[in-house]
Amino acid sequence: MDTVLYYLVPTGLVVGSVLFMEWFATWSHEHIMHGWGWGWHKSHHEPHDDALEKNDLYAVVFAGVAIAMFALGHFFWWPLTWLGLGVTIYGMLYFFFHDGLVHQRWPFKHIPRKGYMKRVYQAHRLHHAVQGKDGCVSFGFVYAQPVDKLLKELEENKRSYDPHALKDEDRPAAH
C-alpha cells in the first residue's frame, strides 16, 4: 500500500496542478493580463517582428514561481516539488500550444487543418480578432471552446472583430 501511495500522491499532485494551471492561466489572462497587467500584455496584441515581447515577462514570473516551489519543496515541504513540476509541465504545454502552434514562434511553421489543434488555433486567433483589451473571447491556452460558441460570444459582445481571423493563409498575425 505504501508503494501505491508513494507514486499515487505525487502523480495526483502533478496532474492536479497542471489542471489548476489551465484554470489559473485562463483567469489571470482575462482578469490580470486584460486588466491591470495590460501594460505587459499589450505587446502581445500588437504586430511586431521582434523575437521577444514585453508579454514574455509573464513567463519569467511563472518560471520564478515554479523554481521557488522546487526550492521550497526540497527544503521545507515535499509536496511543493511535485506542484512545481506540474507548473513546469503546464509551462511546456503553454509554449507548445500558444507560442509554437498558434503564434508560430518556432523556426518551422505548421497550421493545423483539423481536429483539436485546429480548434485551439482558431480560438486563439479569435481572441486576437478584437482590437484592444476589451471584448475578447477564449482566454485559455490549452483548452478551447468550440469556434461556433466563440463566434456567438463575439457577436453578443457587440464588438467589431476581424472577420478574416479564421483564414489559414500565411500572414503575419499579432503576437
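Within segment 67-93, residues that are farther than 14 Å from residue 142 by Cα have Cβ atoms under 6 Å from residues that are open to solvent by 60 Å² or more (accessible area, probe 1.4 Å) in these pairs: 80/72; 81/70; 84/70, counting only partners at least 6 apart in sequence or on another chain.
Residues that are at pLDDT 90 or above, open to solvent by 30 Å² or more (accessible area, probe 1.4 Å) and not acidic (Asp, Glu) within segment 143-173 comprise 143, 145, 146, 149, 151, 152, listed in sequence order. Just one of (1) closer than 21 Å to residue 121 by Cβ; (2) out of contact with any Phe, Trp or Tyr (no Cβ under 9 Å at 6 or more places or on another chain) fails for residue 25. It is (2).
All of 81, 3 fail the test of being open to solvent by 70 Å² or more (accessible area, probe 1.4 Å), part of a helix (DSSP H, G or I), polar (S, T, N, Q) and on the phi < 0 side of the Ramachandran plot, apart from 3. Close contacts from segment 111-138, counting a first residue that is open to solvent by 10 Å² or more (accessible area, probe 1.4 Å) and a second that is at pLDDT 90 or above and β-branched (Val, Ile, Thr), with Cβ to Cβ under 7 Å and a gap of 6+ residues or different chains, come to 119/147; 122/147.
The sole residue among 52, 8 that is open to solvent by 60 Å² or more (accessible area, probe 1.4 Å) and part of a loop (DSSP other than H, G, I, E, B) is 52.
If residue 33 passes every condition in (1) out of contact with any Lys or Arg (no Cβ under 9 Å at 6 or more places or on another chain); (2) crowded, with 18+ Cβ neighbours inside 10 Å; (3) of a type outside the set (S, T, N, Q); (4) modelled with pLDDT of 95 or more but one, which one does it miss? Single failed check for residue 33: (1).
The values are calculated or read from the model by the stated rules, or taken from the named source; none is laboratory data. Predicted model, so just to flag it, every value in this text is computed and none were measured. Virtual Cβ from ideal backbone geometry, glycine too; neighbours counted across all protein chains shown. Each accessible area value is taken on the protein alone, full model and side chains, heavy atoms only, with ligands, DNA and RNA left out. Shrake-Rupley method; radii C 1.70, N 1.55, O 1.52, S 1.80 Å.
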